[in-house]
Amino acid sequence: MNTLDQFIAGCMSNYDPDALPVDDARRIAAGYVVPLAGVERVPLTAALDRVLAEDIVSPINVPAHDNAAMDGYAVRAADLAVPPAASSGASAPITLRDIGTALAGHPYAGAVGRGECVRVMTGAVMPAGADTVVIQETCRTVAQADGTSTVLVAKPPARGENVRLAGEDLARGRAVLTTGCRLRPAQLGLIASLGTGEVSVRRRPRVAFFSTGDELASIGEPLAAGQIYDSNRYTLHGMLTRAGVEPIDLGVVRDDPASLRATLQSAAAQADAIITTGGVSVGEADHIRALMADLGEVAFWKIAMRPGRPMAFGRIADAAFFGLPGNPVAVMVTFYQFVQPALARIAGQSAANLPPPLRVPSRETLRKRPGRTEYQRGILSRDADGQTRASLTGQQGSGVLRSMAEADCFIVLEHERGDVAAGDLVTVQPFEGLQ
């Protein structure tokens, strides 16, 4: 028993590589691959979408000082006790003496004493002695004959209101980001707020990919009889780029075992993962599965799903191998459901960061046969009453790439589910965050 067989045997019982449920196939593909060991140091400006290779521990408090969260006046909460009601029944305003101004980056040098206040702007360091900010909208400034000013507070806030405390965002010594985190814009800003300009990240996975088939022509070539232009490589290049890997385009390889063998061996020598499209079915010219068995290990080659049933997963030398179907929609479906989570694991991500599924009513009847998972291309729209519903993009054939271009979600019909009536709840996987 090879290592891949041993892994599968330890994960599941009743293993059938010829009719594998989607959840089992996804678990095998993502679980068997291992994170890359390579680490590099990059400037923060080059770290977007990279995977963090070390915990980020805050060396400082953020913010570094108590500061004003609003424009207004820094005061002592003890001075805000409401005076007895006036004869009219309304509370008289609280009167404080204005002793100066604090701006962001320009702290007030003195301290706030009893009955005093300091004009503060948002972000200004709180003056010594002050613990609360009265927003300017509830105050009125009155000039005095001696050139000073008093501030009348009509609506006193609670103690500590409108103040951001030191370390409130990030406390010194706290791990603010952990290994395996994929760095998005917010994470880059968080790291920058610590004064850190470089980070250690995992090496980007190198992914070699190519299309197979005598019927394929590259863009720029005239079409011969029976040929079509190869769209899959361009779709894959886009998906791989968004996945944050380093794509290696090996072009179109003809249906010739010797050429396919040489290309697979070359790909395995330079990449961490290999993706092919076409050549994994049972036709006379479908050679990929036999070459996989000869050059490496095969885990499965058929999945109980639609589209994408003929998909192979295994290993060639040290590279993970994904043999995707040839039809364009099936390429995209299998990539998002199996390849992308596995590549996230190879990249060292602690999670695949996939968008959470939604449950919404279907606008129409959907035909479905139990015993396989279906990924139908859908559009989410909202009714006048605010109810979000899902509808199909139209023709759902696995060769109709327009169905993906017009969609904004997958309508996921689970393995044992049958037909869906209009109004029934369906599971929806939005493209936003997936692509």
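How much of the DSSP beta bridge set in segment 211-353 is antiparallel, as a percent to the nearest 5?
Working: 9 of 19 bridges.
Of the beta bridges lying entirely in segment 211-353, close to 45 percent run antiparallel.
If I histogram all Cα-Cα distances within segment 358-430 using bins 10 Å wide from 0, what percent of pairs lands in each bin?
22, 55, 22, 2
Using Cα centres only, tell me the gap between segment 315-380 and segment 122-184 in whole Å.
Their Cα centres are 48 Å away from one another.
Using the basic label-point model (7 angstrom from Cα toward the beta carbon), what is the GLU246 to ALA78 distance in nanometres?
Each label point lies 7 Å from its Cα, and together they span 6.4 nm.
Which residues' amide hydrogens lie under 5 Å from the amide hydrogen of ARG206, considering only partners 5 or more residues apart or on another chain, with H built in the peptide plane?
GLU246, ASP272, ALA273
What angle do you read, to the nearest 10 degrees and between 0 and 90, between the alpha-carbon axis of helix 257-270 and the longest principal axis of the chain?
It is inclined by approximately 30 degrees.
Could you check what % of the DSSP bridge pairs in the chain are antiparallel, to the nearest 5? Provide the component values of the computation, followed by the final result.
On the way: 60 of 87 bridges.
The antiparallel proportion sits near 70 percent.
Measuring from label point to label point, each 7 Å out along Cα→Cβ, what is the ALA109 to GLN265 span in nm?
Distance between label points: 8.0 nm.
Each residue of segment 93-110 in turn: what ³J(HN,Hα) in whole Hz from Karplus with 6.51, -1.76, 1.60 and θ = phi - 60°, glycine and Pro shown as x?
x, 7, 10, 10, 9, 7, 10, x, 9, 10, 10, 4, x, 9, x, 6, 6, x
Across every pair of different alpha-carbon atoms, what Kirkwood hydrodynamic radius in Å does segment 67-164 reach? Intermediate results must be reported in sequence, preceding the final value.
Details: mean 1/r = 0.0750 Å⁻¹.
Every distinct Cα pair counted, the radius reaches 13.3 Å.
If one takes the longest principal axis of the Cα atoms in the chain, at what angle in degrees, from 0 to 90 and to the nearest 10, does the Cα axis of helix 22-32 lie?
The angle comes out near 80 degrees.
Could I have the simple spin-label model distance between GLU221 and LEU48, label points 7 Å from Cα toward Cβ, reported in nm to one decimal?
Output for this residue pair reads 3.5 nm.
Within 10 Å, count the other beta carbons around each residue, average over each peptide in 103-111, 66-74, 120-128, 46-54, and list them highest first.
Values: 103-111: 13.3, 66-74: 22.6, 120-128: 20.7, 46-54: 18.4.
The most tightly packed comes first, giving 66-74, 120-128, 46-54, 103-111.
Could you give the spread of the C-alpha atoms of the chain along their three principal axes, from largest to smallest, in whole angstroms?
100, 52, 50
Is any residue of segment 407-430 close enough, with backbone N under 13 Å, to a label point placed 7 angstrom from the Cα of SER381 along the Cα-Cβ axis, and if so, which?
407-408
Report the FRET efficiency, 1/(1 + (r/R0)^6), for ASP23 and HIS237, where r is their Cβ-Cβ distance and R0 is 41 Å, rounded to 0.05. Write down the numbers at each step before the final one.
Values: r = 28 Å, r/R0 = 0.69.
About 0.90, to the nearest 0.05.
Throughout, read-outs are computed from the coordinates displayed, never taken from laboratory work. It should be emphasised that the depicted structure is a prediction, and the values quoted were computed from it without experimental measurement. Cβ: placed from backbone, ideal geometry, glycine included. Neighbour counts: every protein chain shown.
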